[in-house]
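**Student:** Okay, handing you the structure first.
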Amino acid sequence: MANGQNIGQEWDSEYDVVVVGSGAGAMAGAFSAASRGLKTLVLEKTDLLGGASSYAGASCWLPGTQVQERAGVQDSREAANTFLVSLLGGDQAERREAFLATAPELVKALEHDPAIEFRWTAFPDYFPGPGRMEVGRSIMPVDLPREEIGELAALVRPRIERDRLGKSHPDGPLTAGQALIGRLLLALTNTGNGTVLTGTAMTGLVIEDGKAVGLTVEGSGGPGRVRARAGVLLGAGGFEANPQMRADNGTPGSADWTMAPAAANNGVAIRAAREAGGAVELMDQAWWCPGPRSLPETAPSPSASVAGSWWTETESALRMSPFPTTRWDGSWRRLLLTGFPPGLSSIRASEELPAIMRPDNTSPAEHLSAGTWLQAETVGELAELTGLPPAALTDTVARFNGFAESGVDEDFHRGEDPYDLFFTDPSHGPNPALVPVAQPPYFAARMVLSDLGTKGGLRTDPDARVLTDGGDPIPGLYAVGNTSASFSGRFYPGPGIPLGSAMVFAYRAVQSMAGGAAAG
């Protein structure tokens, strides 16, 4: 079988652990296996490592770890459990408890390697309720200096706006998601037990006597087969980039509006496991995030908060809640309205740009020319361009600006929750979450229902073993991250739940594999 780009020991056809994908869960699992002395292979079908994890801000929701302790943040497994139960109820209790019990152990194991280091950052849990941490439970990777990772940096997928345009990393250290993937890659490489093969795709599972014992693969030299003595770990992302799977499962949004990297996350691993008898759940769900519709050659920039702007829809009374729940179709039925707020430092707003999130490599002029933005000198004129009732929009803007002046949002209480203030400029007052839309020119951006990835997938147990419809584990087969159904169900409890849970369950999967390998 022909090689893709090979890192580590020479390509072989038999390993202890074979990992499919190279996001945070896959790479944490690969490192966990290799650091135990297990001969480990990572298969990545694209030419770059990291998947959508490399695009992430890299918050990892991991309660009660030594990172919080170093920062003097008081948290506990019990408080985190109280918070999750307040949202999730009793669903997935065993997986929830396994996640909370293992998170501190995972972080300790990762930081034991000198290549991996985290820092605490204040990022509030998303929902109020018992056990909530208003300063948050998320940790982030420390920036990775280029001289530490060296030539391996070229294999880490750049941030989304650069990757979409075929550009490599800018000068300076790897940050956020690139730092997370880079640190895991460096640690894996340093074990001497890991092989990373890019440009090689999984095409199916090899099942013998009901057990997953390997994969069929396709590389530049044609098809081949690789065996896994201890187990196969599927961490290949979800199916967000597969229009047919989205349609078949009633998953809202669009493959055109997802954050998935090109040629990735099309559900191959989920389909292969289904053919082997694996059950699925939550297939109509994703990690939703509204985003401005982008230029044809770029994907939407998923956005949770935008300074100096607010959202509206034509079928409402125009007093817009932060997250509309009706159909999103990318037309002017969903739009973000902004003025030209001077002096704001957050979310790329400045005296030169309207407060609309956009890829760094695109200009307002490009968006206006493409029609993804509209511009007018008055709110009434902007309403006419978008098909909104001019009088209603003008009155709503005036009401909102009154709230901004008083500092009290009588309609939606923005600024009263710690999360509301996280992305704001604290120097702006009286309420940093309310910035008046009062200075022309005025802009509108088309909004779509973007997503960070689907969150439905294979049903798994607390050790990430793939389960059948009858609830029995398929021997040798494990799934993590968006290849598996999230233990958080239909909720998104806090920043970094996807990354944190993917890494924890990958770690538990390897513990299970290592036990089986030792017994064998």
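Each value in this text was obtained by applying a stated rule to the coordinates, not by laboratory testing. What you see is a predicted model; the values in this text were computed from it and never measured. Cβ: placed from backbone, ideal geometry, glycine included. Neighbour counts: every protein chain shown.
**Student:** Calculate the FRET efficiency for residue 47 and residue 413 from the Cβ-Cβ distance with a Förster distance of 45 Å, rounded to the nearest 0.05.
**Tutor:** Calculated value: 0.45.
**Student:** Taking θ as phi - 60°, what are the ³J(HN,Hα) couplings along region 22-32 by the Karplus curve (6.51, -1.76, 1.60), each to the nearest whole Hz, with x for Gly and Pro?
**Tutor:** With the stated coefficients, region 22-32 comes to 9, x, 4, x, 4, 6, 5, x, 4, 5, 4 Hz.
**Student:** In sequence order, what are the phi-derived ³J(HN,Hα) couplings for region 65-79 according to the Karplus relation 6.51 cos²θ - 1.76 cosθ + 1.60 with θ = phi - 60°, rounded to whole Hz, with x for glycine and proline?
**Tutor:** Result, rounded to whole Hz: 9, 5, 5, 4, 4, 4, 8, x, 8, 8, 8, 8, 4, 5, 5.
**Student:** In whole Hz, with x marking every Gly and Pro, tabulate ³J(HN,Hα) for region 436-444 from phi via Karplus 6.51 cos²θ - 1.76 cosθ + 1.60, θ = phi - 60°.
**Tutor:** x, 9, 9, 10, x, x, 9, 10, 10
**Student:** What order do you get for 378, 251 when you list them from fewest to most C-beta neighbours inside 10 Å? All intermediate terms of the calculation are to be shown ahead of the outcome.
**Tutor:** Working: 378 13, 251 25.
Result, fewest neighbours first: 378, 251.
**Student:** Follow-up. Would you mind counting up the charge near residue 59? Only other residues with Cβ under 14 Å from its Cβ, with Lys and Arg at +1 and Asp and Glu at -1.
**Tutor:** The answer is +1.
**Student:** Please give the net charge around residue 87, taking every other residue with its beta carbon less than 14 angstrom from that of residue 87, where Lys and Arg add +1 and Asp and Glu add -1. Numbers along the way, then the final one.
**Tutor:** Numbers: positive: 96, 132, 137, 490; negative: 91, 125.
Net charge around residue 87: +2.
**Student:** For every other residue with a beta carbon closer than 11 angstrom to the beta carbon of residue 495, add +1 if it is Lys or Arg and -1 if Asp or Glu, then tell me the sum.
**Tutor:** 0
**Student:** What is region 201-240 by shape, rounded, prolate or oblate, if you read a ≥ b ≥ c off the alpha carbon gyration tensor as root eigenvalues and call it rounded for a/c under 1.5, prolate for a/b larger than b/c, and oblate otherwise?
**Tutor:** In terms of gyration-tensor shape, oblate.
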